[in-house]
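Contents: one structure, followed by commentary.
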Amino acid sequence: MSQSEETKRIIQKIQANGKKIQPNATVRAWKVPATSEVPMATPAPEHMWVETGHGKAGLGHMQSEIKIRQFATDGIPENQQREKLPVLAQAHTTVGRYLGVQGRNRPVMATHIDGRVQKHGITVADNGYIVSMNTVTSGKLTLKPGAPPPVSDKTIETLYRYPANCPERRATGGVDQQKDDGIRPPKRGDTA
């Protein structure tokens, strides 16, 4: 899997910021928007990335035997997981909805991608490295104090879609203006 030009640019920025990254092992890297709902330590990382990793971290960990079957159950065919899982990690960390936690502290994110709502636990190191991602069932979800209220899959489909067709809509309250015809709602300050 070759790196995109965007990933190469982001790797250079990560290195310039003094973060530990393995450039040749990095599969995908992206900028994290200020609107990201992934709960992170302060300050949150400006960039996140997925490396090929190994059995305990990165893409190698996401592709353990049991996780391959679980992601396939989520509709991600085994032969496409190496390509799609890094994109899914980016979707969850850029436009995903924070739902709660799995276990003690793994954030659970939901995103509408490839025609369906996907819900996964995702572990991000303080430097932005994606350590792991796995499937989750609502029965294993814990709501901690301060967690956002539950939302429907329809809301996820409408507001937390990847790629974001209108990323400013959540920040501006443009939800009621969103139409299914692909017309984007006006930005703050636009006049009709």
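None of the figures in this text is laboratory data; all of them are computed from the coordinates on show. Model, not experiment: these values are computed from the prediction. FYI the Cβ positions are ideal-geometry reconstructions off the backbone, even for glycines, and counts take in every protein chain you see.
Structure above, values below:
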read-out: Three principal axis lengths of segment 5-168 [C-alpha, angstrom, descending]; value: 40, 34, 33
read-out: Candidates per trypsin sites (Lys or Arg not before Pro) in segment 70-151, loop by DSSP, up to 14 other Cβ within 10 Å; value: Arg104
read-out: Unsatisfied cross-links (Cα-Cα over 30 Å) in the set Lys56/Lys154; Lys13/Lys144; Lys56/Lys144; Lys19/Lys84; Lys13/Lys140; value: Lys56/Lys154; Lys13/Lys144; Lys13/Lys140
read-out: Karplus-derived 3J(HN,Hα), 6.51/-1.76/1.60, for each residue of segment 68-82, Hz, glycine and proline x; value: 4, 5, 5, 5, 5, 5, 6, x, 10, x, 3, 6, 10, 5, 4
read-out: Order by protection proxy (mean Cβ within 10 Å, highest first), peptides 2-15, 26-39; value: 26-39, 2-15
read-out: For Val38, distant residues with modelled amide H under 5 Å away; value: none
read-out: Modelled FRET efficiency - R0 22 Å, Ala16 with Thr42, Cβ distances, 0.05 increments; value: 0.55
read-out: Gyration tensor (alpha-carbon) shape descriptor, segment 1-67, a/c threshold 1.5; value: oblate
read-out: Segment 96-101 - phi-based ³J(HN,Hα) in whole Hz, Karplus 6.51/-1.76/1.60, Gly and Pro as x; value: x, 9, 6, 9, x, 10
